[in-house]
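Here is the structure we will look at, set down as structure tokens.
The values are calculated or read from the model by the stated rules, or taken from the named source; none is laboratory data. It should be emphasised that the depicted structure is a prediction, and the values quoted were computed from it without experimental measurement. Note that each Cβ is placed from the backbone with ideal geometry, even for glycine, and that neighbours are counted across all protein chains shown.
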Amino acid sequence: MAEQRMLKFVQVERGMPEKRDADARKEDFREIYAEYAEAKAEEQASRCSQCGVPYCQTHCPLHNNIPDWLRLTAEGRLREAYEVSQATNTFPEICGRICPQDRLCEGNCVIEQSGHGTVTIGAVEKYITDTAWEEGWVQPIKPPAERPESVGIIGAGPGGLAAADVLRRAGVQVTVYDRYDRAGGLMTYGIPGFKLDKDVVMRRNDQLEQGGVTLKLNCNVGEDIFFDDIRAAHDAVIIATGVYKSRDLELHGSTAQGVEKAIDFLTASNRKSFGDAVEDFDSGRMNAEGKRVVVIGGGDTAMDCVRTSVRQGATSVKCLYRRDRANMPGSQREVANAEEEGVIFEWLSAPKGFVTDLADSSEGAAKVTGVTVQKMRLGAPDATGRQAPELIEGSDYVEEADLVIKALGFEPEDLPTLWDQPELQVTRWGTIKAEFTTGATALDGVYAVGDIVRGASLVVWAIRDGRDCAEAILERLNSSAVVAAE
Ligand code: FAD
Ligand code: SF4
Ligand code: SF4
């Protein structure tokens, strides 16, 4: 019976949920994809061929049981689909929205390889859990029994929160410390609402608090509280602080007014979406309205900056990237969305310096009026196999700009120094050295997960790390409890 509902990939074409028209979506920060209607979700799930060896599952960092929840969805058994889906993923509706599926689960779907278009795994995953929220199936955590042990987690991003969820379900007392006023990490203040609606993140924060997770917000570890005090207060500590130091350009004019860091620009915009008073935005500094905007970079952060600028009412938005389209790190899906919204990509273009004008400035500092751009070509592959960009002499020109946003990636902060923990070992990139499967660091009882270990990565990998680390801590707590009882 079940099989008859599946394997429909020959009769049923791949269909994503409806995408809002580019002109309409430029007017607001709402998500751009609508939800599937029930029949459509069932139909799309029924395209799965129920592979004996599901490559989709192998390439999902959480090894989600994708074929099973697709089959249950196709059969209309949504509550069961939700139970299966949430068993391996702390935030399925978030991953369904923002995972780069083309590089992970969907990119490895066999029916794509047979030319029929991949199963829309992410959109179905989102549909299942959004429905679960609507139906009231997502409930606060109720541990079977309380345990006396406590774990302190520094950082309320997806890595920290995923660990908090697993530990709390086992009855452990969990306190999450974060320097921001809202939990969610980059899901709250980095990723814009048109990719991930803020309500979707906030309801998860509420669910965790209602389930007994204590969130200590506005608490900057190293300033408001010492790391040693957190370590003394808990049986184990997880560092999940992400990476926030923006890579910079050492070029003429790079500190001029109007040359801004991507994370500051996006945080200001996200705060505005919450209705907060944001001085830097309200003063016009971080607001692209009426400005010619140039964004430098080719990753997902750059894509988020160009599309945010469009929505703020920029008069023009250009993106400079030193390699070509095929060699950019950002998702092709997001580039296509940006182009639909009117963004112009200047491929093989790198900044040489910034043109500034003192007379144009209101605050006495030089103000940016343009970017000197130098054209590049791709040369021979370097040691990593990637073609290195080479300068084309004499090709410089000036791209006029009122706001330039630097989106060049992130590096870790120097935690051993900031927190006075010289024994906390780091790699040569400054990320924390941690055991691959458990997150254990050089300090006894201290673990680390997410971007602070991997470098800038993905939400789904932070969730995976958080869950694995929580399991390792539970194992340790259980074995200590047995020893204590003996
Ligand atoms: P974070 O999410 O960075 O959370 C770390 C938390 O630690 C923050 O809340 C921070 O305030 C807190 N913290 C840091 N230092 C301290 C301290 N000293 N004291 C107290 N608290 C502290 N990934 C995707 O999968 N899909 C996407 O579409 C996507 N888009 C992105 C867009 C942008 C603009 C950016 C910047 C990233 C994007 N990512 C995306 C990457 C993803 O957001 C990260 O990989 C993920 O959030 C990492 O999770 P984390 O828990 O390790 O850290
Ligand atoms: Fe795909 Fe991400 Fe969902 Fe895994 S978590 S199934 S990679 S969308
Ligand atoms: Fe279904 Fe594609 Fe996964 Fe096979 S690889 S189980 S067809 S989703």
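Numbers at a glance
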{"read-out": "Long-range neighbours under 8 Å by Cβ, at least six apart or interchain, first residue surrounded by fewer than 13 Cβ atoms within 10 Å (Cβ to Cβ) within segment 220-244, second in a loop (DSSP other than H, G, I, E, B) and acidic (Asp, Glu)", "value": "Asp228/Asp420"}
{"read-out": "Scan of segment 229-250 for residues that are within 14 Å of ligand 1 (Cβ to nearest atom) and farther than 22 Å from Thr438 by Cβ, ordered by number", "value": "Asp229, Tyr244, Lys245, Ser246, Arg247"}
{"read-out": "Selection within segment 304-330 - surrounded by fewer than 18 Cβ atoms within 10 Å (Cβ to Cβ) and touching a residue at least 60 places away in the same chain (Cβ under 8 Å)", "value": "Asn327"}
{"read-out": "Filter pass, Thr417 being out of contact with any Pro (no Cβ under 9 Å at 6 or more places or on another chain) and crowded, with 17+ Cβ neighbours inside 10 Å", "value": "no"}
{"read-out": "Restricting segment 398-456 to residues that are among the hydroxyl-bearing types (Ser, Thr, Tyr) and out of contact with any strand residue (DSSP E or B) (no Cβ under 8 Å at 6 or more places or on another chain), the residue that is farthest from Ser316 (Cα to Cα)", "value": "Thr437"}
{"read-out": "Enumerated helices (runs of 4 or more DSSP H) restricted to segment 1-50, each holding at least 2 residues that are out of contact with any Leu (no Cβ under 7 Å at 6 or more places or on another chain) and more than 18 Å from Ile111 (Cβ to Cβ)", "value": "22-25, 38-45"}
{"read-out": "Condition met for Arg204 (within 16 Å of ligand 2 (Cβ to nearest atom) and either surrounded by 17 or more Cβ atoms within 10 Å (Cβ to Cβ) or of a type in the set (Val, Ile, Thr) (or both))", "value": "yes"}
{"read-out": "Residue that is surrounded by the most Cβ atoms within 10 Å (Cβ to Cβ), among those in segment 245-270 that are of a type in the set (A, V, I, L, M, F, W, C) and either under 30 Å from Ala145 (Cα atoms) or modelled with pLDDT of 95 or more (or both)", "value": "Phe265"}
{"read-out": "Leading residue by the ranking (farthest from the chain's Cα centre (by Cα)) among those in segment 98-109 that are farther than 23 Å from Thr437 by Cβ and crowded, with 23+ Cβ neighbours inside 10 Å", "value": "Cys109"}
{"read-out": "Positions within segment 318-355 being under 17 Å from Leu403 (Cβ atoms) and part of a helix (DSSP H, G or I), in sequence order", "value": "Ala338"}
{"read-out": "Segment 41-70, residues that are of a type in the set (Gly, Ala, Ser) and either crowded, with 24+ Cβ neighbours inside 10 Å or more than 7 Å from ligand 3 (Cβ to nearest atom) (or both)", "value": "Ala41, Ala45, Ser46, Gly52"}
{"read-out": "Positions within segment 376-411 being part of a loop (DSSP other than H, G, I, E, B) and loosely packed, with under 13 Cβ neighbours inside 10 Å, in sequence order", "value": "Asp382, Ala383, Thr384, Gly385, Arg386, Ile392, Glu393, Gly394"}
{"read-out": "Number of the exception - Asp102 against (1) away from ligand 1 (no atom under 16 Å from the Cβ); (2) farther than 21 Å from Gly466 by Cβ", "value": "(1)"}
{"read-out": "Members of segment 130-163 that are closer than 29 Å to Tyr33 by Cα and away from ligand 1 (no atom under 16 Å from the Cβ)", "value": "Asp130, Thr131, Ala132, Trp133, Glu134, Glu135, Gly136, Trp137, Val138, Gln139, Pro140"}
{"read-out": "Failed condition for Arg182, given (1) surrounded by 19 or more Cβ atoms within 10 Å (Cβ to Cβ); (2) touching a strand residue (DSSP E or B) at 6+ places or on another chain (Cβ under 6 Å); (3) over 20 Å from Val453 (Cα atoms)", "value": "(2)"}
{"read-out": "Boolean, Val368 is surrounded by 18 or more Cβ atoms within 10 Å (Cβ to Cβ) and over 14 Å from Gly298 (Cα atoms)", "value": "yes"}
{"read-out": "Failed condition for Val335, given (1) modelled with pLDDT under 95; (2) under 24 Å from Gly394 (Cβ atoms)", "value": "(2)"}
{"read-out": "Subset of segment 304-346 (residues that are over 21 Å from the mean Cα position of the chain (by Cα) and closer than 18 Å to Gly290 by Cβ)", "value": "Gln312, Gly313, Ala314, Thr315, Ser316, Val317, Lys318, Glu341, Gly342, Val343, Ile344"}
{"read-out": "Close pairs (8 angstrom Cβ cut-off, 6 or more residues apart or separate chains): touching a residue at least 12 places away in the same chain (Cβ under 8 Å) and under 25 Å from Phe436 (Cα atoms) in segment 43-68, within 16 Å of ligand 1 (Cβ to nearest atom) and among the basic types (Lys, Arg) anywhere", "value": "Pro61/Arg464; Leu62/Arg464; Leu62/Arg467"}
